[in-house]
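A short write-up of the structure that comes next.
The values are calculated or read from the model by the stated rules, or taken from the named source; none is laboratory data. Worth saying up front: this structure is predicted, and the values here are computed from it rather than measured. Virtual Cβ from ideal backbone geometry, glycine too; neighbours counted across all protein chains shown.
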Amino acid sequence: MIRSRLACATWLALAAALAAPSRAFAAESAAPADEAVALLDSAKAEDFARAAKIFEARAVQHPDDFEVRARAAQALTQLMAVRTNGNLPLVDGLQDTDANRALWADLGQRALEHARAAEKLSPQHAGAAALVASSYMFYASSLGIIRSILQGAGNEYKAHAQRLIDLDPNYDDALGASLLANFYLVAPWPVHDRDAALAQFERAAKLAPGSVRNQYGLAVFWARDGDAARARSYFERAVSMPCNARTTERLLCDWIKATAKGELAKLAGK
């Protein structure tokens with residue numbers, strides 16, 4: 001049996017980074033915009049850092065431009081995702097090293113500012129809602145468990161995830177359900193809710209069964225729950241399934257597969 005372990009530190013975990021918003025840039029800024037948009041299609045941290053620099057500079061000049069604000073938030077969340085493995089939950093432990101928390105505190109706060117501005121400019125845009133939910137997850141994770149709870153981060157986290165679900169439950173391979181699942185899985189008592197976590201993991205997998213991230217989430221759930229057979233089954237699916245190059249899963253897929261292989265090796269004798 002695998003020993004189930006609840007997180008006792010940062011409890012806001014998720015697959016972050018988001019699919020690109022669809023609106024076009026203004027004609028007068030086509031050159032720098034095209035360069036930065038192309039960088040966002042990369043999977044390299046240095047490219048996301050360059051894109052963030054471009055779009056944050058443009059946001060100073062055009063603070064009410066939805067596309068600029070959304071792209072700035074996107075670049076920053078994708079940068080955090082590739083540098084910290086999306087802050088995805090682990091079978092044992094979390095991603096909240098001192099270095100990661102420092103990164104989330106800086107980039108997460110900046111991303112959240114841009115994401116909130118984008119959402120204000122286009123309240124019904126699912127991409128903007130997803131950017132708010134993801135950037136808030138990273139920023140809140142930098143605060144630590146006690147401070148997060150005292151500041152009501154849990155309720156706000158759930159509200160952002162639920163808003164994304166309400167706008168588009170299928171967005172980015174059911175990102176909203178994945179966010180809620182991770183929240184309920186790693187939150188400490190009395191916020192931790194096993195049944196709610198399982199329901200949301202299963203919902204995400206039902207909406208997007210081809211998502212490696214969603215199969216990994218169920219694998220981690222069952223590993224923490226102590227069911228080695230079910231954990232093995234979902235880890236095997238995560239390893240064997242192809243990565244979805246059209247969603248943000250592409251940013252984390254190699255890490256997910258490597259982690260799943262490591263967990264399968266641990267389960268080999270069980």
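The lone criterion from (1) out of contact with any Ser or Thr (no Cβ under 9 Å at 6 or more places or on another chain); (2) closer than 30 Å to A231 by Cα; (3) hydroxyl-bearing (S, T, Y) left unmet by S134 is number (1). Residues in segment 56-84 that are surrounded by fewer than 20 Cβ atoms within 10 Å (Cβ to Cβ) and over 24 Å from L252 (Cβ atoms): A57, V60, Q61, H62, P63, D64, F66.
How many residues, within segment 234-270, are of a type in the set (D, E), touching a Cys at 6+ places or on another chain (Cβ under 9 Å) and in contact (Cβ under 8 Å) with a residue 40 or more places away in the chain?
1
Can you work out which of the residues in segment 171-193 that are hydroxyl-bearing (S, T, Y) and closer than 14 Å to H160 by Cα is farthest from the chain's Cα centre (by Cα)? Ranking the candidates gives Y171 first.
Determine, yes or no, whether A126 is without any contact (Cβ under 8 Å) to a residue 60 or more places away in the chain and aliphatic (A, V, I, L, M).
So A126 fits the description; yes.
I'm trying to understand the selection: among the residues of segment 154-205, which are out of contact with any Leu (no Cβ under 6 Å at 6 or more places or on another chain), without any contact (Cβ under 8 Å) to a residue 24 or more places away in the chain, closer than 26 Å to K257 by Cβ and not aliphatic (A, V, I, L, M)? Of everything in segment 154-205, those that are out of contact with any Leu (no Cβ under 6 Å at 6 or more places or on another chain), without any contact (Cβ under 8 Å) to a residue 24 or more places away in the chain, closer than 26 Å to K257 by Cβ and not aliphatic (A, V, I, L, M) turn out to be Y184, E202.
Of all the numbered requirements in (1) surrounded by fewer than 16 Cβ atoms within 10 Å (Cβ to Cβ); (2) of a type outside the set (G, A, S); (3) at pLDDT 95 or above, E202 misses one, and that requirement is (1).
Determine whether P32 is at pLDDT 80 or above and over 24 Å from the mean Cα position of the chain (by Cα). Please lay out each step first, then the result.
On the way: at pLDDT 80 or above: no; over 24 Å from the mean Cα position of the chain (by Cα): yes.
Spelling it out, it is not the case that P32 is at pLDDT 80 or above and over 24 Å from the mean Cα position of the chain (by Cα).
Of everything in segment 184-233, what is more than 20 Å from R250 (Cβ to Cβ) and aromatic (F, W, Y)? Give them in sequence order. Within segment 184-233, Y184, W189, F201, F221, W222 meet the criteria. Residues in segment 207-233 that are basic (K, R), surrounded by fewer than 24 Cβ atoms within 10 Å (Cβ to Cβ) and touching a residue at least 24 places away in the same chain (Cβ under 8 Å): R224, R232.
Residues that are surrounded by 22 or more Cβ atoms within 10 Å (Cβ to Cβ) and more than 15 Å from V220 (Cα to Cα) do occur in segment 162-169.
Which residue, of D92, D96, D106, is within 18 Å of Y184 (Cα to Cα) and either in contact with a Ser or Thr (Cβ under 6 Å, 6 or more places away or on another chain) or modelled with pLDDT of 95 or more (or both)? Lay out the reasoning, then the answer.
Working: D92 fails: either in contact with a Ser or Thr (Cβ under 6 Å, 6 or more places away or on another chain) or modelled with pLDDT of 95 or more (or both); D106 fails: within 18 Å of Y184 (Cα to Cα).
Going through D92, D96, D106 in turn, the sole match is D96.
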